[in-house]
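Peer 1: This is the structure I have questions about; it appears just below.
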Amino acid sequence: MIRVVRAKFHGITVTGADLDYHGSITLDPEQCDLAGIRPLEFVDIWNKASGARIQTYVIFGEPGSRACVLNGAAARTCARGDQVIICASAYIDEPALHAIEPVVLTFTPDNQVDQVMRYRVRETERRRFDFALEMGERSAPAERPVNRVDLDAFTHDLRRRGLDDHAIADVVARHLKAVA
């Protein structure tokens, strides 16, 4: 048996810490459902700011709350505003590694899901266990507000990366919204 990543929140922002609670981490059930994290499941939590690493169990907060609240002793490891990585794992037989497709969610600073990705392991001619990260769609531009964009610098950078004018127009139309 090997221990593998089963689901992951990458870069979610801590919204609170409640030292006087019984223990656990409170998360938004809608986001947990999207990744496949279950209530009462043990998860590893890694604080990107401090390097602290802990393990606790998940409880569900209010749906749509985008909550990430460390409770009990776990509250001492993180401060409001810290970004953390939350990882659920599973023990599997090595051959089952080809069958699982862990979901990874990334987040905006206000804890909206930014992107849904999947880890995939396949057998290829090069190796028995070849790894790939499948990048999913990013959230809608309206959900990721940008205050100011230097459109000339943006299009120049895209042109330098090999995009033609038609492709640049598609990117701008899809990802940038005019502000009145």
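Peer 1: Let me check against my output: what whole-number percent is the relative contact order of the chain, with C-alpha pairs under 8 Å and at least 6 apart?
Peer 2: This gives 24 percent for the chain.
Peer 1: Still on this structure, please answer the following. If you roll a 1.4 angstrom probe over the protein chains with everything in place, what fraction of the accessible area of the chain belongs to carbon and sulfur, to the nearest %?
Peer 2: Accessible surface attributable to carbon and sulfur in the chain totals 52 percent.
Peer 1: Next question. Based solely on its DSSP helices, what 222 nm [θ] is calculated for the chain when runs of n ≥ 4 H residues each add -39,500 (n - 2.57) and the sum is averaged over all residues, nearest 500 deg cm²/dmol?
Peer 2: Calculated mean residue ellipticity at 222 nm is -4500 deg cm²/dmol.
Peer 1: Quick one: among LEU97, LEU105, LEU151, which has the greatest mean-square fluctuation in a GNM of the chain with alpha-carbon springs under 10 angstrom?
Peer 2: LEU151
Peer 1: Got a sec to turn the phi values of the stretch 120-125 into Karplus ³J(HN,Hα) couplings, 6.51 cos²θ - 1.76 cosθ + 1.60 with θ = phi - 60°, whole Hz, x for Gly and Pro?
Peer 2: 9, 10, 10, 7, 10, 5
Peer 1: Short version: what are the Cα gyration tensor semi-axes of the stretch 29-68, square root of 5 times each eigenvalue, largest first, in whole Å?
Peer 2: Over the Cα atoms of the stretch 29-68, the semi-axes work out to 20, 12, 8 Å.
Peer 1: Right, something else. At a 1.4 Å probe radius, which order do HIS98, HIS22, HIS166 fall into by accessible area, largest first?
Peer 2: HIS22, HIS166, HIS98
Peer 1: While we're on this one: Per residue, how much space in cubic angstrom lies within the convex hull of the C-alpha atoms of the chain?
Peer 2: 165 Å³
Peer 1: Rounded to the nearest whole Å², what accessible area per residue is found for the chain with the 1.4 Å probe?
Peer 2: About 61 Å² of surface per residue is accessible.
Peer 1: Also: In a Gaussian network model over the chain where Cα atoms closer than 10 Å are linked, find which of VAL58, VAL121, VAL69 has the largest mean-square fluctuation.
Peer 2: Of VAL58, VAL121, VAL69, the Gaussian network model singles out VAL121 as fluctuating most.
The values are calculated or read from the model by the stated rules, or taken from the named source; none is laboratory data. Treat the numbers as computed from the prediction; the structure is a model and nothing was measured. Side chains included, ligands, DNA and RNA excluded: accessible areas come from the protein's heavy atoms. Shrake-Rupley method; radii C 1.70, N 1.55, O 1.52, S 1.80 Å.
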